Amino acid sequence: MGLLGGLRVLDLTMWRPGPYATQLLAQQGADVIKVEPPGGEPMRAFRSHFDLLNQGKRSVALDLKSAAGRERCLELAAGAEVFVEGFRPGVADRLGVGPGAVRALNPAIVYCSLSGYGAEGPLRDVPGHDVNYRAYAAALGPDAPPPTADELPVADMAAATMAAFAITAGVLRARTTGVGSRLDLAMADVVAHWVATVPEAARPADGTGPVPGYGVYATADGERLTLGVVSEQRLWSAACHALGLAEHADVPFPERLARVAELDKAVAAAVASLTRDEALERLTAAGAPVAPVLTRAEMLAHPHFRERGVTSPTRTVGDVVRVVPGEGRVEGGTAELDEHRGQGWLSTDWNIE
């Protein structure tokens, strides 16, 4: 049993943010019942993507536009501790499963709404996706290129992770006091909050990093690596000695800030004279903060992530939380549509081990 063993979650979300939030809960032992519309969540058409986000959950199909479907959903909500929905603001209320209806039946429930811009505010009814939320939140640079199909959806994943955290906090309070919560969580809000925690700084016009030795650098074989030197003198010195720049190794941080363009160009030129593997070997041996820019395939095969259980050749998605010692990840497959019709919270014939 995981850390959230026994937690009952009713999940009415679709696409990415909500399903990832509830999968995080399921991986820690929560019993998640995924409510899908007749015919299934549209994401099932992209089965490989769907499976990545819906492991370890049960599935029931309910037509919330019908009296019977709405009644069954509220019946399940009455026995749940968490209710998660990702409709546009106001839709859950029109379907009869909004926070008022659900909390009237179950005052201790944690009701979480996850949307692009939130349930209130001037943008609440504006449609959007990840790139729009990042744009409003100042998380796209002025010269940002168009997103690619495999680009990390920062707003989606950030909001999902925040939702899992907020839900868990709400459950802690509800179990202690008997008082539930209404959580209004917006993807744009989370990214804007992140951006607000980063001090504003001028972007160098010549394309160098904020400090020498901090950035992405091209190597002689067409690959790229990253260096993460900031103010630490020992890390700057290590990088300089590894790259044959010993004459700069003792330059103190204030002087480095004053000579950003000059010193960073020296670092870039030194890295560009080596292959990625050569540079990694030298910099790692010297104790410099270096990492290769990996492809998705390289990351999935990397022994570090394999050993920590983040990726696995036998699981679709690994676990981001390690509990030491003992209670680890809760296993579970991806349910077929409506596979668990008729089951309630006390059912035991689910495939979580």
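Within segment 127-146, track down each residue that is in a loop (DSSP other than H, G, I, E, B), within 27 Å of R182 (Cα to Cα) and either open to solvent by 60 Å² or more (accessible area, probe 1.4 Å) or polar (S, T, N, Q) (or both).
Of everything in segment 127-146, those that are in a loop (DSSP other than H, G, I, E, B), within 27 Å of R182 (Cα to Cα) and either open to solvent by 60 Å² or more (accessible area, probe 1.4 Å) or polar (S, T, N, Q) (or both) turn out to be P127, H129.
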So, S59, is that one open to solvent by 20 Å² or more (accessible area, probe 1.4 Å), under 23 Å from G342 (Cβ atoms) and polar (S, T, N, Q) or not? no
Counted residues in segment 101-126 being hydrophobic (A, V, I, L, M, F, W, C), over 18 Å from A163 (Cα atoms) and assigned to a loop (DSSP other than H, G, I, E, B) come to 2
Return the residue satisfying two criteria in turn: it lies in segment 270-295 and is among the hydroxyl-bearing types (S, T, Y) and within 30 Å of the chain's Cα centre (by Cα), and of such residues it is surrounded by the fewest Cβ atoms within 10 Å (Cβ to Cβ). T295
Would you be able to tell me the number of residues in segment 18-54 that are outside any loop (DSSP other than H, G, I, E, B) and either basic (K, R) or open to solvent by 20 Å² or more (accessible area, probe 1.4 Å) (or both)? 12
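To keep it simple, each residue is scored yes or no on (1) in contact with a Leu (Cβ under 7 Å, 6 or more places away or on another chain); (2) open to solvent by less than 40 Å² (accessible area, probe 1.4 Å); (3) modelled with pLDDT of 70 or more; (4) assigned to a loop (DSSP other than H, G, I, E, B).
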residue	(1), (2), (3), (4)
A297	no, no, yes, no
H304	no, no, yes, no
E307	no, no, yes, no
T314	no, no, no, yes
V320	no, no, no, yes
G328	no, yes, no, yes
G344	no, yes, yes, yes
T348	no, no, no, yes
N351	no, no, no, yes
Within segment 84-102, is there a residue that is within 18 Å of the chain's Cα centre (by Cα), under 21 Å from A158 (Cα atoms) and of a type outside the set (A, V, I, L, M, F, W, C)? yes
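The values are calculated or read from the model by the stated rules, or taken from the named source; none is laboratory data. None of these values were measured; they are calculated from a predicted model. Backbone-built Cβ (ideal geometry, glycine too); neighbour counts: all protein chains shown. Note: accessible area is taken over every heavy atom of the protein model, side chains too, but ligands, DNA and RNA are not part of it. Shrake-Rupley method; radii C 1.70, N 1.55, O 1.52, S 1.80 Å.
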